Structures are given as structure tokens and as C-alpha cells.
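Novice: Quick one: the structure is below, questions incoming.
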Ligand SMILES: C[S@@+](CC[C@H](N)C(=O)[O-])C[C@H]1O[C@@H](n2cnc3c(N)ncnc32)[C@H](O)[C@@H]1O
């Protein structure tokens with residue numbers, strides 16, 4: 001079922017389809033996230049890929065971020081009006097006390113190490129960050145000049161082999177939305193294993209705000225304006241449109257919070273800017289201390 005048709009006029013569509021005009025290719029999006037087929041050969045190839053690949057398939061996600069890597073930083077900053085940076089800072093501020101004093105921090109879905117920038121605002125130089133991401137292109141662009149060592153690893157977080165209890169702190173920003181519910185449950189299990197007793201965590205993700213009017217505006221912005229901003233900076237708008245679809249399907253951190261609780265973690269849910277982003281923060285109980 002088609003949910004809506006947007007984008008170029010019929011006159012514009014008949015002109016052929018150079019790469020930038022791919023913006024409108026995401027215009028036909030079904031409830032299952034399928035995108036309608038189009039006459040242009042180049043567009044059809046992309047749409048075939050989007051439609052054929054299971055949406056939460058790791059290979060598809062990695063390709064998406066590999067393709068977006070060259071424009072992601074700038075588009076993310078501009079399209080979010082700087083809120084993305086603010087939300088990262090706020091997520092780290094939640095655990096700022098824990099960050100002091102030689103801690104082992106693991107940044108999951110670290111991208112270009114954006115979160116390490118926030119960590120550097122709230123910590124001394126005695127901590128060590130291990131950054132995990134599976135997109136070679138994101139990691140190739142990752143900044144590493146921080147006051148503390150940041151070691152990046154090209155790994156899928158679901159297959160990455162780590163020692164249980166290897167982290168005092170687990171953090172993550174904007175990496176949850178491309179996981180379905182099973183993957184979120186698995187991630188919660190991995191975080192619980194990765195954290196040492198008494199360890200803390202804070203994760204944040206773009207979310208769908210609960211207030212109806214704001215939600216309508218926000219989804220319109222994500223689905224239609226952000227892809228155009230992506231295009232403006234020479235990115236592939238179809239990829240940016242996919243991020244909107246992932247966000248809509250993700251909703252908010254509520255389900256993930258429940259998964260973490262089921263793993264025995266103490267969880268507080270956090271809402272940032274009227275729910276445009278949500279997060280989870282908390283700790284792993286130290287049974288030895290409470291016994
Ligand atoms: C939206 S970016 C967020 C990057 C960064 N944390 C930030 O704050 O902007 C999501 C990142 O998650 C990574 N990612 C998604 N699934 C992953 C997985 N299963 N294992 C490792 N990294 C993953 C992608 O490669 C991408 O770099």
C-alpha cells in the first residue's frame with residue numbers, strides 16, 4: 001500500500017534522472033518500507049536494492065553508512081540544527097561523574113567518534129575509549145585526536161568478541177534506530193555482559209516525539225527536508241530518506257529500556273527536547289556490594 005506521493009512534478013519527472021534528482025525516488029514508501037518502482041534505470045537499481053534487501057540486514061546497513069560517510073557529519077550537524085551535538089553532550093552529561101578517573105569506556109556504533117568529542121567535555125585524560133563500528137568508511141574518517149586514547153575497531157557489535165565485564169562505561173549515540181526489536185534485545189544482552197558490576201551506560205537516539213503536531217512536523221522534516229539537505233551536500237538523498245524510515249519504525253527508546261531491564265540493569269529513560277530524541281541511562285548492579 002502506498003502511503004503518499006511527494007516530490008517532483010510530472011514535467012520534472014519526464015526529464016530523465018541524473019543522480020541528484022534521486023531525491024524523489026523515496027517518495028513512494030509503503031508501510032513495509034518498500035519504495036515504489038520508477039522508470040529511470042539508475043533509480044531502479046537503487047530501489048531494487050532498497051526493496052530486495054531486508055531492512056535490518058547488517059550488510060545493507062553497512063553499505064548505507066559507507067555511502068553516507070562523506071556527507072554524514074555535515075548533514076547531521078546542519079539538518080539537526082546542532083541538536084545532534086547537544087543531545088550527545090546531554091547523554092554524556094548523564095554519566096559525567098562516572099567518567100572521572102581512569103575508566104574503560106566503550107562507544108558502540110561509534111561512527112566518526114563524534115561521541116568522544118562530547119566525552120572530552122566532561123572527563124579528564126585518564127580514561128580510555130574503545131570505539132566499535134562496522135563501516136570502514138565511517139572509521140576511515142574517524143577523528144582520534146582527543147586528550148585520551150581512542151582505539152577504533154572495525155567490528156559488528158553482534159559478533160565482536162569481548163571479555164565479559166571489559167567496560168566500566170558503555171555509551172552510544174544514534175546507532176539504535178537501525179536495529180529491529182530482536183537486535184535491540186540482543187544488544188541489551190551484550191551491553192549487560194560487557195559492563196563490569198557497578199558499570200554505567202548512556203545511549204541516545206533520534207525519536208518520534210509524542211505530541212501530535214510536533215510529530216507530524218518532525219516526520220515531515222525527516223522524510224522530506226533532510227533528504228534534500230543531504231542532496232544539497234552531494235549526498236544520496238535516498239540514503240537520508242532511509243534514516244527517516246528507520247527513525248519512524250524505531251519510535252523511541254522505550255522498548256530498548258525494557259530489554260535492558262530484563263537483563264537486570266537499572267534503567268532510567270530520558271527524553272531530550274520534547275521527545276525528539278530519547279535515551280537510556282543507568283547501571284549494572286554490583287551484587288558483591290549489595291550482598
Ligand atoms: C547514525 S551513525 C551514528 C554515528 C555516531 N555514533 C554519531 O553519534 O553520529 C550509526 C553508526 O552505527 C554503525 N552501525 C550500525 N550497525 C552496526 C553494527 N551492527 N555494528 C557496528 N556498527 C554498526 C554504522 O556503521 C554507523 O556508523
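The values are calculated or read from the model by the stated rules, or taken from the named source; none is laboratory data. Keep in mind that what you see is a predicted model, and the values were worked out from it rather than measured. All Cβ positions, even for glycine, are placed from backbone atoms using ideal geometry, and neighbour counts span all protein chains on display.
Novice: Condition first: surrounded by 13 or more Cβ atoms within 10 Å (Cβ to Cβ) and part of a loop (DSSP other than H, G, I, E, B). Now tell me which residues in segment 252-272 satisfy that.
Specialist: 252, 253, 263, 265 - these are the residues of segment 252-272 that are surrounded by 13 or more Cβ atoms within 10 Å (Cβ to Cβ) and part of a loop (DSSP other than H, G, I, E, B).
Novice: Can you tell me which residues in segment 127-169 are away from the ligand (no atom under 13 Å from the Cβ), in a strand (DSSP E or B) and touching a residue at least 40 places away in the same chain (Cβ under 8 Å)?
Specialist: Across segment 127-169, the qualifying residues are 167, 168, 169.
Novice: Only one of 178, 193, 238, 200 is touching a helix residue (DSSP H, G or I) at 6+ places or on another chain (Cβ under 7 Å) and in a helix (DSSP H, G or I). Can you tell me which?
Specialist: 238
Novice: For segment 174-190, indicate whether the set of residues that are in contact (Cβ under 8 Å) with a residue 40 or more places away in the chain and away from the ligand (no atom under 16 Å from the Cβ) is non-empty.
Specialist: No, because not a single residue in segment 174-190 is in contact (Cβ under 8 Å) with a residue 40 or more places away in the chain and away from the ligand (no atom under 16 Å from the Cβ).
Novice: Scanning for something within 14 Å of the ligand (Cβ to nearest atom), assigned to a loop (DSSP other than H, G, I, E, B) and either at pLDDT 95 or above or outside the structural domain of residue 277 (by TED's automatic domain parsing) (or both), does segment 206-215 turn up at least one residue?
Specialist: yes
Novice: Considering each of 123, 118 in turn, give the residue that is within 9 Å of the ligand (Cβ to nearest atom) and either within 26 Å of residue 54 (Cβ to Cβ) or buried (at least 19 other Cβ atoms within 10 Å of the Cβ) (or both).
Specialist: Being within 9 Å of the ligand (Cβ to nearest atom) and either within 26 Å of residue 54 (Cβ to Cβ) or buried (at least 19 other Cβ atoms within 10 Å of the Cβ) (or both) holds for just one of 123, 118, which is 118.
Novice: Now for a different question. So for segment 90-104 (the condition being near the ligand (Cβ under 9 Å from one of its atoms) and either surrounded by 21 or more Cβ atoms within 10 Å (Cβ to Cβ) or in a loop (DSSP other than H, G, I, E, B) (or both)), does at least one residue qualify?
Specialist: Checking segment 90-104: not a single residue is near the ligand (Cβ under 9 Å from one of its atoms) and either surrounded by 21 or more Cβ atoms within 10 Å (Cβ to Cβ) or in a loop (DSSP other than H, G, I, E, B) (or both).
Novice: Could you grab me the full set of residues in segment 71-88 that are part of a helix (DSSP H, G or I) and surrounded by fewer than 17 Cβ atoms within 10 Å (Cβ to Cβ)?
Specialist: 74, 77, 78, 85, 86, listed by residue number.
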